[in-house]
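Notes follow the structure.
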Amino acid sequence: MSATRLELNLMRPPRPFCPSAPQHRARKPAPELLNEYSRKVDFLKGLLEAEKLSSSMEKALANQFLAPGRTPTTAKERTPATKTVHLQTKARCTGQMRSELLGTVCSVLLC
């Protein structure tokens with residue numbers, strides 16, 4: 001039976017600390033990366049605030065002012081995930097608004 005990775009790590013003696021060895025320090029992210037990240041966070045905050053609104057008309061209007069991120073979240077994406085979420089939310093809000101308007105119009109026409 002072979003030993004597991006945890007067992008091997010326990011059997012291996014710890015490496016001594018060497019002050020002259022290069023330390024792995026966390027590098028600061030690039031400013032454009034931080035800017036894009038803050039844009040995505042602001043977009044999600046705005047999306048949550050828009051969902052709290054009472055009428056579908058207000059939600060649709062608030063959704064128009066949201067700015068989705070410009071860059072794809074992962075390398076495999078063709079369009080950014082924030083743009084996809086923005087389009088889905090826009091379609092849902094306009095669909096709700098349409099059903100409210102047509103529901104009101106249909107009830108008036110049937111009377």
Residue-span extension gain [Gln88 to Leu48] - 0.36 nm each, minus C-alpha spacing = 13.0 nm
With the charge dipole of the stretch 32-88 built from beta-carbon charges (+1 for Lys and Arg, -1 for Asp and Glu) about the Cα centre, the Cα from Val85, Val41, Phe65 projecting farthest to the positive end belongs to Val85
Per principal axis, largest first, the Cα atoms of the stretch 39-87 extend in Å by 37, 17, 13
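With the Cα gyration tensor of the stretch 63-107 in hand, give its eigenvalues times 5 under a square root as the equivalent ellipsoid semi-axes, listed largest first in whole angstrom.
On the way: eigenvalues 196, 19, 4 Å².
Largest first, the stretch 63-107 gives 31, 10, 4 Å.
Residues with beta-carbon under 14 Å from that of Lys83, excluding Lys83: net charge, scoring Lys, Arg +1 and Asp, Glu -1? All intermediate terms of the calculation are to be shown ahead of the outcome.
Numbers: positive: Arg39, Lys40, Arg70, Arg78, Lys90; negative: Glu36, Glu77.
Local charge sum for Lys83: +3.
Here, each number is a calculation from the coordinates, and none is a lab measurement. Note that the structure is a prediction, hence the values are computed from the model and not measured. All Cβ positions, even for glycine, are placed from backbone atoms using ideal geometry, and neighbour counts span all protein chains on display.
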